[in-house]
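The values are calculated or read from the model by the stated rules, or taken from the named source; none is laboratory data. Quick caveat: nothing in here was measured; it's all calculated off a predicted structure. A quick note on method: Cβ atoms are made from the backbone with ideal geometry, for glycine too, and the neighbour counts reach across all protein chains shown. Ligands, DNA and RNA are stripped out before the accessible areas are found, and what is left, the full protein with its side chains, is counted by its heavy atoms. Shrake-Rupley method; radii C 1.70, N 1.55, O 1.52, S 1.80 Å.
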Amino acid sequence: MKVSEAISGRQSIRAFDGERPVARETILEILSTAGRAPSGSNIQPWHVYVVSGEIKEQITRVCSERYLSGDEGDAEYHYYPRVWREPYIGRRRQTGFGLYGLLGIEKKDTAAVQAYRVRNYQFFDAPVGLFFTIDRDMELGSWLDYGMFLQSVMLSLRELGLESCAQQAFCPYHDDIMPLLGAPEDQMMVCGMSLGYPQRDALINSYRTQRLEARDFTRFVDD
Ligand SMILES: Cc1cc2nc3c(=O)[nH]c(=O)nc-3n(C[C@H](O)[C@H](O)[C@H](O)COP(=O)(O)O)c2cc1C
């Protein structure tokens, strides 16, 4: 697979083949490739927790229950701007409405919205969940490094026919998840990720998000 194909063909997958497991060696192979991601001074600030089976089910249970009871949890970092503004709010809406539109979910249909959201906590039926953590005393630069590592994970796995969906949705429930992972208190959750073989014919997986043209976010200053 060409690098450009790996990047352009990647999309968030939200329906996995739950019957097809992913071998431990395969996961280690992916993480080993992704671990070649660059980081300032090569400090490699990532920790990965891999869940399947009973622990994964426990995470599904606790997050679904909390979400459905109206407990929004409390993520340890702000992923999004505190005050939404254009152009970001518009892009966010376009992505959300596009996906809901495809699935025929109306925003005011609370039950349908909740059912969709709970799929996050079911890891979209993926056989494997990954949780990424970082030591609390790391600075912004390490979060930059982390993004490169995450994208490297999401690209490396594609070469093996696997797909993924990065998930911030788990972060609000870190206080229940981190102890289940056995993660020490000096680490914080960066995000979760579902990993598995995709259900190729699932409607939700046919959704393709848009992107800006490069010329719209690029300026050749010497022109
Ligand atoms: C760090 C991160 C967290 C994300 N969290 C979620 C999530 O919790 N649930 C979800 O369905 N998608 C999540 N996404 C997927 C984004 O919505 C998706 O990447 C974006 O809409 C672009 O679509 P694409 O990945 O299909 O290209 C996340 C993506 C990233 C990079």
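Other residues with beta-carbon under 11 Å from the beta-carbon of D17 carry, at +1 per Lys or Arg and -1 per Asp or Glu, a net charge of -2. In the stretch 105-198, the convex hull through the Cα atoms has an average projected area of 7.4 nm², a quarter of its surface area. Could you work out the relative contact order of the chain, using alpha carbon pairs under 8 angstrom and six or more residues apart, expressed as a whole percent? Relative contact order comes out at 39 percent. Between M1 and E106, what is the label-to-label distance in nm when each label sits 7 Å out along the Cα-to-Cβ direction? Each label point lies 7 Å from its Cα, and together they span 3.9 nm.
At 0.36 nm per residue, and after removing the present C-alpha to C-alpha distance, how many nm does the segment from Q44 to S69 gain when stretched out fully?
Net length gain for the segment: 5.2 nm.
For the stretch 120-149, backbone nitrogen atoms closer than 17 Å to the point 7 Å from D186 Cα along Cα-to-C-beta are found at 133-139.
Ranking G182, G101, S164 by how far each Cα lies toward the positive end of the dipole of the chain (charges on Cβ) leaves G101 at the top.
Count neighbours as other Cβ atoms within 10 Å of each site's Cβ, and list the trypsin sites (Lys or Arg not before Pro) in the stretch 61-117 that are DSSP loop with at most 14 such neighbours. Please report the intermediate quantities before stating the final value.
Values: sites: R61, R66, R82, R85, R91, R92, R93, K107, K108, R117; in loops: R82, R85, K107, K108.
Loop-located and lightly packed - R82, R85, K107, K108.
Counting 0.36 nm for each residue step from L160 to T33 and taking away their Cα separation leaves a gain of 44.5 nm. Counting protein heavy atoms only, the chain has 50 percent of its accessible area on carbon and sulfur, 1.4 angstrom probe. The charge dipole of the chain, taken about its Cα centre with unit charges on the Cβ atoms of Lys, Arg (+1), Asp and Glu (-1) only, comes to about 860 debye. Centre-to-centre separation between the Cα atoms of the stretch 1-56 and those of the stretch 149-195: 9 Å. For the chain, a/c is less than 1.5, where a ≥ b ≥ c are the root eigenvalues of the C-alpha gyration tensor. That puts it in the rounded class. Here's the picture: charge each Lys and Arg Cβ at +1 and each Asp and Glu Cβ at -1 in the chain, and of G18, M193, P87 the one pushed furthest to the positive end of that dipole is P87. Compute the FRET efficiency between E19 and W143 as 1/(1 + (r/R0)^6), taking r as their Cβ-Cβ distance and R0 = 35 Å, and round to the nearest 0.05. Computed FRET efficiency for E19 and W143: 0.45.
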